[in-house]
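Here is the structure we will look at, set down as structure tokens.
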Ligand code: TXA
Ligand code: MG
């Protein structure tokens, strides 16, 4: 398939690109578009035929539902019935923004979007060009992340081009600073609301305004609340070892094992102390948002380098650190605990 590619940072073509993308969507085509989290692969959410093309392009299992994207918070009632009190409170505070709320769906949303569930995930992106794209389409846009299924979500142009050139009708590129991890998914169909997928908007943020619990990650293969949780996600080609220990123990563990064929993702506090060929910075351990913005890009960079093992440090499991850990642990072949690292001395 020939894919039309447009750079939205080029003011001269922005308007043409947007109209062309809307035309493609209204003709049941599929378009990659930027959001503040990761790139999405969009189709008319009301068209069974168009949505079918998303599953085909990604190689996505049909029992994994898609998020419906809207350009305006006031449109939520057009796709969902029963906007619960908690959902309204969350929407008021965090939408537009990197959050998806699950609500009982209206019958306009076809089963192929919800994978047969009676609920629908709704999201209003905060990125201006994303809302402009959806608004110009004039329909709700069903969109998963624009990666081939099982690969890390795309955060940069090079990633979407690698995965979707030849698979989508058009690609809209815009590489601004990204959150880098997908939206927080919150099931608002029952009380307390439940976080199905952690993101930048954290458990702590939501706790301030609603009664909220976190869905514990279920084992692969068990009946999940969020169908997406049962699949092994975000898998780079290299073997991933998450070193879930304090920075000193983790540094020691990595130093003892790393070779020139491996890579390490490390916090700056330990970076200079790790003398290896491929070392990627996760920033300061006190700022896991930086680490979150880089994780998927680093996985892809490691694929390009052809590294054999990726050792990653692990931030504290709070705030956006929880979202980082969720993605890292899903990608991990092995999670090393502090107690597995014997004889760890203080870094001097
Ligand atoms: O940031 C994001 O959310 C990005 C951008 C493009 O908006 N989208 C994204 O979509 O990450 P996707 O399809 O890669 O992930 C959607 C997740 C999946 O885990 C899916 O199972 C879950 O949301 N989900 C969608 N609808 C659901 C529903 N009705 N009930 C439970 N989980 C749902
Ligand atoms: Mg995805």
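Bear in mind that the values in this text are calculations on the coordinates, not laboratory data. Given the structure is predicted, the values throughout are model-derived calculations rather than measurements. Note that each Cβ is placed from the backbone with ideal geometry, even for glycine, and that neighbours are counted across all protein chains shown.
Points to keep in mind about this one:
- Most fluctuating residue given options 247, 310, 30, as computed from a GNM of the chain linking Cα atoms under 10 Å: 247
- What the Cα convex hull of the chain gives, in volume per residue, is 132 Å³.
- Between region 1-69 and region 252-319, the Cα center-to-center distance that results, in Å: 32 Å
- Remark: relative contact order (the chain) = 19 percent; criterion is Cα-Cα distance under 8 angstrom and separation of 6 or more residues.
- Residue 286/residue 49 FRET efficiency (R0 45 Å; Cβ-Cβ; nearest 0.05): 0.40
- Residue 148-residue 85 pseudo-label distance in nm [points 7 Å out on the Cα-to-Cβ vector]: 4.9 nm
- Seen from a random direction on average, the alpha-carbon convex hull of region 94-220 projects onto 9.1 square nanometres.
- Residue-averaged [θ]222 nm for the chain, counting only DSSP H segments that reach four residues, each worth -39500 (n - 2.57): -9500 deg cm²/dmol
- Contact order for region 1-53, expressed relative to its length and based on alpha carbon pairs under 8 Å spaced 6+ residues apart, stands at 22 percent.
- Per the Cα gyration tensor, region 10-83 maps to an equivalent ellipsoid with semi-axes of 22, 18, 13 Å, ordered largest to smallest.
- Scaled to the globular estimate 2.2 N^0.38 Å, the Cα spread of region 241-321, given as radius of gyration, is 0.99.
- Applying the Kirkwood pairwise sum to the alpha-carbon positions of region 96-135 produces a hydrodynamic radius of 11.2 angstrom.
- One quarter of the convex hull surface built on the alpha carbon atoms of region 136-188 amounts to 5.2 nm², the projected area averaged over directions.
- Contour excess over end-to-end distance, with Cα ends at residue 191 and residue 23 and 0.36 nm allotted per residue: 56.4 nm
- Rh by Kirkwood over Cα pairs, then Stokes-Einstein D for region 1-159 at 1.306 mPa s and 10 °C, µm²/s: 101 µm²/s
- Beta-bridge orientation, region 21-168: approximately 85 percent antiparallel, per DSSP, counting only bridges with both partners inside.
- The stretch between residue 275 and residue 13 holds 89.8 nm of extra length on full extension. This uses 0.36 nm per residue minus the Cα-Cα distance.
- Highest-MSF residue in the chain out of 211, 187, 163 [GNM, Cα springs under 10 Å]: 211
- Most to least packed among 98-106, 301-309, 259-267 [average Cβ atoms within 10 Å]: 98-106, 259-267, 301-309
- When the chain is treated as a Gaussian network with alpha carbon springs shorter than 10 Å, the biggest mean-square fluctuation among 137, 188, 81 belongs to 81.
- Where labels lie 7 Å past Cα in the beta-carbon direction, separation of residue 2 and residue 308 in nm: 4.6 nm
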